[in-house]
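One structure is given below, encoded as structure tokens.
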Amino acid sequence: MSKSFTYINYYHKMLRKFNYIRFFSLLILAIISYYSVMFFINNYNKVKKTILKNGITVITENNNSKLAGIVIGIRGGSIYEDAENYGYAHILEHLLFKGTKTRNADEISFKLSRGGYQNAETSYLNVLYYSQQMNEDLNETIKIYFDMLQNFYIKDEDFDKEIKVILEEYRRWENSHYSRFAQFANEALFNPESGFSHVPIGIEDVIKNATLEKLQNFMKQKYTGSNIVVSVSAGNIKHKDIVKLVEENSQNIDKGKINNTKEEPVFNYQKLPYAFKKDLKYNGIIIAICFNANNFSKELQNKKTKLYHVSSIFSNIVCQGGSRSIFFKKMREENGLIYGSYCDPTFYPNNLGFYCVNVNTSAESAEKVYKIMVDEFIDSINNIPQDLFNEHYNSAKPSYIIDAEKQNNYTTSMRKAFRNQEKTMHNIHYFTKKEDFAIFENISLDDVNEFSKQLINDDTRPIILVFSNSEININPDYLKEKIANKKNEIYGKAQ
């Protein structure tokens, strides 16, 4: 009896030990499985970057989309041009689609457009070639782009035709008074040597006199591996496979040196705080007041900062919110002096930038419009009423909610490819729409008023630009006095 009891007792002890061991084994297995799954999830969507031996940077991001987005960025925009080749970066953007030694223009256009979208653009900093296609077409798309970059070929007669097309684009640009105003603003704001005093479309005489040989030499200098970034966002891709594909198809691209501007962008204060340009082609007047935003331009162009969204609300309240804006009500509805007004933050490398307010009007109304602009804008600083803030905040809220819900495949891949491109080339990070909304929800009236005060701090040095077909009387001291009075109101006379 005692022996039998001893065996049973021993059996129960062993069973309990076995259960403990099984429990802890299953627990350890569950923990390992959890971290394995989390590691897979984190690495599945992780942005990965590799720099090839020839200097090309390859960025990939895996997502669950059936569409692939690809952006080929060249650090070779208009700021890297000299006076003798102003516009070459833009001309090359056109020419690369005209054919290669093995592909004609029709084939390139057809194959790059299979995903429904392909385009290119030239800015001050970059030339971007981008498209969206089905995941299964991604490899061929990469091969086509690198064929264009290394083997572009165009017949003389086709070259002449494309130059005519570019000249027509230039003339259309020139017929836009806002385009000419942009050119004038750059000339006024920047030293000529900095590369920012001309716009990316170029200069008519330079475009007319461009030759294929000159453009090929320009491309050889600028389109080097150290200045090329390939950004891909697609579903079910492996970073190493994309790296290998780019490596195999870029054998003839030299590493070269990173393109540098002749001079860092420097604001030309010799002509300021007032600059005027007479333009007989324009039947009207543009008045702009620009505040130097160097101290906070990095935040203004970065969607992950609250200031980006705060500045947007302030702009809508004062001058960009259509019929609900202060400018619209005061200058259009009450006085019939303008058609519309705009608030445009403009950014440049090295965290340089302006926050500009501009309106269109006539010569006879210019002086009155200028004074109302100054009065209303300066008065709005640190003085936005709660009900006006609520109106514009609630008006903007639905667009954030709608955008947050628009996470469809068509936009996701291209958006992510552009985001990773910008973050790599210029350290600019764009949040998803849901993250945008989370920041937006925490914005208050105090945030908006605090932002407005930054526009008149000691470093902003406001600038008045007038683009007109006739001489007008604008007094820069009127703005200066209003700002001084506003500072006294906010900070006291010691300021």
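The values are calculated or read from the model by the stated rules, or taken from the named source; none is laboratory data. Quick caveat: nothing in here was measured; it's all calculated off a predicted structure. Using ideal geometry, Cβ is built from the backbone for each residue, glycine included, and neighbour counts are taken over all protein chains shown.
With the requirement that a residue be modelled with pLDDT of 80 or more and either among the aromatic types (Phe, Trp, Tyr) or exposed (fewer than 15 other Cβ atoms within 10 Å of the Cβ) (or both), what does segment 180-193 give you?
Matches in segment 180-193: Phe181, Phe184.
Which count do you get for residues in segment 209-229 that are part of a strand (DSSP E or B) and farther than 21 Å from Arg75 by Cβ?
0
Within the set of pairs 6+ apart or on separate chains, which have a first residue in segment 285-307 that is assigned by TED's automatic domain parsing to the domain that holds Ile483, a second that is of a type in the set (S, T, N, Q) and assigned to a strand (DSSP E or B), and C-beta atoms under 6 Å apart?
Ile285/Thr361; Ile285/Ser468; Ile286/Asn358; Ile286/Asn360; Ala288/Asn358
Quick test for you: out of Phe327, Phe276, pick the one residue that is at pLDDT below 85, in contact with a strand residue (DSSP E or B) (Cβ under 6 Å, 6 or more places away or on another chain) and closer than 22 Å to Ile372 by Cβ.
After applying the criteria, what remains is Phe276.
Only one of these conditions is not met by Ile286: (1) more than 23 Å from the chain's Cα centre (by Cα); (2) buried (at least 18 other Cβ atoms within 10 Å of the Cβ); (3) at pLDDT below 80. Which number is it?
(3)
Quick check: anything in segment 434-452 surrounded by 15 or more Cβ atoms within 10 Å (Cβ to Cβ), at pLDDT 65 or above and not in a helix (DSSP H, G or I)?
Yes: one or more hits.
Quick check: is even one residue across segment 132-145 surrounded by 15 or more Cβ atoms within 10 Å (Cβ to Cβ), more than 16 Å from Val230 (Cα to Cα), among the β-branched types (Val, Ile, Thr) and in the same structural domain as Phe190 (by TED's automatic domain parsing)?
No, because not a single residue in segment 132-145 is surrounded by 15 or more Cβ atoms within 10 Å (Cβ to Cβ), more than 16 Å from Val230 (Cα to Cα), among the β-branched types (Val, Ile, Thr) and in the same structural domain as Phe190 (by TED's automatic domain parsing).
Would you check if there is a residue in segment 76-90 being out of contact with any Asp or Glu (no Cβ under 9 Å at 6 or more places or on another chain), part of a helix (DSSP H, G or I), assigned by TED's automatic domain parsing to the domain that holds His239 and surrounded by fewer than 19 Cβ atoms within 10 Å (Cβ to Cβ)?
yes
Name the one entry in Glu121, Glu61, Glu93 that is assigned by TED's automatic domain parsing to the domain that holds Thr224 and in a helix (DSSP H, G or I).
Exactly one residue qualifies, and that residue is Glu93.
For every residue, the table says whether it meets (1) at pLDDT below 90; (2) closer than 30 Å to Val206 by Cα.
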site	(1), (2)
Leu92	no, yes
Leu96	no, yes
Lys111	yes, no
Gly115	yes, no
Asn126	yes, yes
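Criterion first (at pLDDT 90 or above, surrounded by 17 or more Cβ atoms within 10 Å (Cβ to Cβ) and in a helix (DSSP H, G or I)) does Ile242 satisfy it?
Spelling it out, Ile242 is indeed at pLDDT 90 or above, surrounded by 17 or more Cβ atoms within 10 Å (Cβ to Cβ) and in a helix (DSSP H, G or I).
Pull up segment 124-151, narrow it to residues that are hydroxyl-bearing (Ser, Thr, Tyr) and in a strand (DSSP E or B), then point me to the one that is farthest from the chain's Cα centre (by Cα).
Ser131
Would you be able to tell me the number of residues in segment 59-81 that are within 19 Å of Glu136 (Cβ to Cβ) and hydroxyl-bearing (Ser, Thr, Tyr)?
2
Is there a residue in segment 141-148 that is in contact with a Ser or Thr (Cβ under 9 Å, 6 or more places away or on another chain) and free of Cβ contacts under 8 Å to residues at least 60 places away in the same chain?
Yes, there is a match, as at least one residue in segment 141-148 is in contact with a Ser or Thr (Cβ under 9 Å, 6 or more places away or on another chain) and free of Cβ contacts under 8 Å to residues at least 60 places away in the same chain.
Ala68 - would you say it is at pLDDT below 90 and over 28 Å from Leu215 (Cβ atoms)?
For Ala68, the condition - at pLDDT below 90 and over 28 Å from Leu215 (Cβ atoms) - is met.
Working carefully through the options Val206, Val232, Val165, find the one that is in a strand (DSSP E or B) and either assigned by TED's automatic domain parsing to the domain that holds Lys278 or not hydroxyl-bearing (Ser, Thr, Tyr) (or both).
Just a single option satisfies the conditions, and that option is Val232.
I'd like to verify a number: residues in segment 168-203 that are part of a helix (DSSP H, G or I), among the small types (Gly, Ala, Ser) and in contact (Cβ under 8 Å) with a residue 60 or more places away in the chain, how many?
3
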